[in-house]
Amino acid sequence: MTATTTDRAELSALRKVLVLVVVIMSSTLYGTTLLVVSTILPQMQGTMSATADEIAWVMTFNILATAIATPTTGWLATRFGRRQVMVWSLGGFTVSTFMCGAAGSLESLIVWRILQGAFGAPSTPLTQSILLDTFPRHQHGLVIGIFGFGVVIGPVIGPVLGGIMAELYSWRWAFYVLVPVGVISVFGLRLCLPPDPPSQQARLDWTGFLTLSIALGAVQLVLSRGQRLDWFESGEILLEAAVAAVALWIFVAHSLTAARPFLDPRHFLNRNYAIGLLLVTVYGMLNFTPMVLLPPLLREHAGFPDALVGVVVAGRGVGGAVGFLIAGFTSRLDPRIGMTVGFAMLLTAGFWLMHVNLEVTVHALAANALLQGLAIGAIWVPLTVVTFSTVAPPHLPETSAVFHLLRNLGSSFFISICVAEIVRSTGMNYSRLVEVITPFNELLSMPWTHGAWETDSVGGLARLAREIRRQSAMIGYLNAFGLYTAACAAALPLIMLLRRKR
C-alpha cells in the first residue's frame, strides 16, 4: 500500500465529510455557470451591442473550451496531482468568473468565458475520482448519488439566480455572486483534500492534442461566423475551413500511425461504444440548445421578464433531477428501453416547441422544459451503461474522455447551427413579409383589414415593421426547433443497433 493510499484510509469521518462537501460544492459551482448565462443572454446582448449570433458565442465557445480541456484531465492529475489540479483549476475558474462580470467588450467576455470553461473542465471528472478514492466501496453508491444530485442542482440554481440578479441589479451580478462561493471552495479544497504525489512519467501526445484543438476551434469559428460573413464567399471563412481541414488531416494521420496517440482509433471498432458515441453526440445536441434559444426569444420578442425566463430554464433542471432519480430505479431494465422512452419524450417536446407562438404562457414553457429535463435525465444513465458495457476497464479513462468530448462538441456545434438558421430565416422571412406592405396592395386599402395597424403615418409603419420583425424571428425559431426535433428522431433508429451485454 502506498503512502497516499494509507493517508486516505486513515482520514477521519469528519475529514471525509468535508472532502465530500467541498468537492461537490466546486462541481455544483461549475454546473451553475453553464446555464446561468442562458437567462442573461438578452441583457448581455444589449450591453455589448451584439447580434443574436454573436452573443451565442458566449455559450458555444465556453462549451467548446470545456470539450477540448476535458480529455487532458487524466494527464494533468497524473502529472501534478489531483489536489493541485483541483485547487488551481478552481482558482482560475473563480478569477475568470469575476472577469466575465467585469468584461467591457464582447471580445473580452468571450475570452474569459473560454478560460472559464477550460479551467472548470477538470472539476467534474476529478470530483468523481476523488470521491471514489476517499470513501470505501460500500459507500460508493451513497456518495455518487449525492454527487449526482449536486451536478443536477447546479443547472437549477443557475437560471433562477441569473434571472433574479439580472432583474434586481444587472447581468454582471450573475457572475459576481458566484465569486465568494468559488473563493470558499478553493480554500476548502486546499485544506481538506489529502495530498497525492505527482508522477514524472505522465506523458501527453501534444501533436494529437494541439491539432485536434485547432481543428475544433476552426470549425466552431466557421459555424459561428459563417452566416454573417456569407459562408464561403468570405476569405476569412475559407481560411478557417482550410485550417480546420489541414489540422484534422494531421490529427487523423498521426492517430493512425503513432504508438500512443492522444485518442486511440482502435476503440471505435467496439460496436456498442461506436454507436454510443453517435448517440451521446445527439444527446449533446439536444442538451443545452433549447436553453440557449428560448431566453432571447422570450425576452426580446415575447416580453418575458428575466425572472420568468429563469423559471422556465430552471424547469429543465427540476425535470433532470427527477429523471436521474427514475433512471436509478430502472437501471436494471434493458438500457435500450430507457433510451427509447427518453428520446421519444424529447421528440414530443420538440413537436410541442414547433407549434408555440408569441402568446405562449410561462406555464406551458415550464411544462415543456420539465419534460425535456425528465428525458435528459432518463437517457443519461442507460446511455452511459450500454456504451461502456463492452469496454475493458484499463481503457475506461481514455474512452470516457472521448465520450464527454463528443457530448460537448454536439452541444457547441448544434447551437451554432441553430443560431445561424434563426438569423438566416429571420432575414429571409422579413424580406418576404414586408413585400405586401405597399400602397399598391389593394387589401390594405380596405379599412377593416388594418385592425390596430396604420400605414399612413411614420409611427404606424414603425410599429408594423416591429411586429413583422417579431413574427419573422418567430418563424426562424420554429425552424430551429424543427432541426431539434429532427435530431431527436434520428437517434431512435440508432438505439436499435445496440447490443445488450448479458
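Computed from the coordinates by the stated procedures, all read-outs in this text should not be read as laboratory data. This is a predicted model, so every value here is computed, not measured. Virtual Cβ from ideal backbone geometry, glycine too; neighbours counted across all protein chains shown.
Tabulated results
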| read-out | value |
| --- | --- |
| Stretch gain in nm, segment Ala344-Phe232, where the contour uses 0.36 nm per residue and the Cα spacing is subtracted | 36.7 nm |
| Percent RCO, i.e. relative contact order, over the chain, from Cα pairs under 8 Å lying at least 6 residues apart | 21 |
| Nearest 10 degrees, 0 to 90: helix 396-434 Cα axis against the chain principal axis | 10 |
| Exposed-site-free run, longest, the chain (rule: chymotrypsin sites (Phe, Trp or Tyr not before Pro); DSSP loop; at most 14 other C-beta within 10 Å) | 170-439 |
| Whole-number D in µm² s⁻¹ for the chain, Kirkwood Cα-pair radius fed into Stokes-Einstein, 20 °C, 1.002 mPa s | 89 |
| Contour excess over end-to-end distance, with Cα ends at Ser170 and Ala258 and 0.36 nm allotted per residue | 26.6 nm |
| For the stretch 205-261: rounded, prolate or oblate by the Cα gyration tensor [a/c cutoff 1.5] | prolate |
| Calculated from backbone phi, Karplus (6.51, -1.76, 1.60) coupling profile of the stretch 463-470 in Hz, x at Gly/Pro | 5, 5, 5, 5, 5, 5, 5, 4 |
| Distance in nm between pseudo-label sites at Arg424 and Arg271 (7 Å out along the Cβ direction from Cα) | 3.7 |
| Burial ordering of Asp230, Asp334, fewest other beta-carbon atoms within 10 Å first | Asp230, Asp334 |
| Label-point gap, in nm, between Arg463 and Glu442 - each point 7 angstrom along Cα→Cβ | 2.8 |
| Dipole-positive endmost among Leu333, Gly31, Gln227 within the chain (Cβ charges, Cα centre) | Leu333 |
| Which of Cys100, Cys418, Cys192 has the fewest Cβ neighbours within 10 Å, and the rest in rising order | Cys192, Cys418, Cys100 |
| Approximate spin-label separation Ala364-Glu435, in nm, with each point projected 7 Å along Cα-to-Cβ | 2.9 |
| Exposure proxy ranking, count of Cβ atoms within 10 Å, fewest first, for Leu212, Leu464 | Leu464, Leu212 |
| The stretch 320-380 - convex hull of alpha carbons, volume per residue in Å³ | 59 |
